[in-house]
Amino acid sequence: MTLTGIGYDSHRLLEGRRLVIGGVEIPSARGLDGHSDADVLAHAVIDALLGAAGLGDIGEHFPDSDERFRGADSMRLMREVSAMIAAAGLEVVNVDCTVIMQEPKLAPHRQAIRENLATVLGIELQRANVKASTGERIGFVGRGEGVAALAVATLRSAG
Ligand code: MG
């Protein structure tokens, strides 16, 4: 059995916040605003994983009204989701994602992000793909107001 899920997220860019994408802190004057570390890519991947497993969405499992998740490391939350998937008798085949960010450039950090995803999900590097796109200076991403991320995850029965 093969299952597919989709994920999408966006966060506002603000002065004085850290820019964390896929567990990698990227040097930037502005970062992503949110209750947790606002790791937009991690959130999109988590939703894709939960979607494929039929386990709802990120807000259901890690509500932003919950003080436990204030400033939370979203890759740690992804690790919890990875455990939920295993408990459901499933395993990750691959994830593919796109980060849509006007600046800074994601390219220098892409490999480190892939390694983080592959490690947390227990898959080969080849199965954790990360792509980057700019906003072409249009829309909220292009104007530098925020960052968006899309993800697709495929799971299969374990064993
Ligand atoms: Mg989010």
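All of the numbers you see were taken from the coordinates with simple rules; none came from a lab. Only a predicted model underlies this, so the values are computations on that prediction, with no experimental measurement involved. Ideal geometry is used to build each Cβ from the backbone, glycine not excepted, and the neighbour counts take in all protein chains shown.
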>> Using Cα-Cα distances under 8 Å and only pairs 6 or more residues apart, what relative contact order does the chain have, in percent?
In response: 33
>> Quick check on the chain: what are the equivalent-ellipsoid semi-axes from the Cα gyration tensor, as sqrt(5λ), descending, whole Å?
In response: 25, 17, 13
>> Just to be sure I understand: with springs between alpha-carbon atoms less than 10 Å apart, which residue in Ile46, Ile138, Ile85 has the highest mean-square fluctuation in the Gaussian network model of the chain?
In response: Ile138
> Ser157 to Asp33: FRET efficiency via 1/(1 + (r/R0)^6), r the Cβ-Cβ distance, R0 35 Å, to the nearest 0.05?
Replying inline: 0.35
>> What are the equivalent ellipsoid semi-axes of region 75-159, built from the alpha-carbon gyration tensor (square roots of five times its eigenvalues), in whole angstrom, biggest first?
In response: 28, 13, 11
> Under unit Cβ charges (Lys, Arg +1; Asp, Glu -1), what dipole magnitude, rounded to 20 debye, does the chain have relative to its Cα centre?
Replying inline: 420
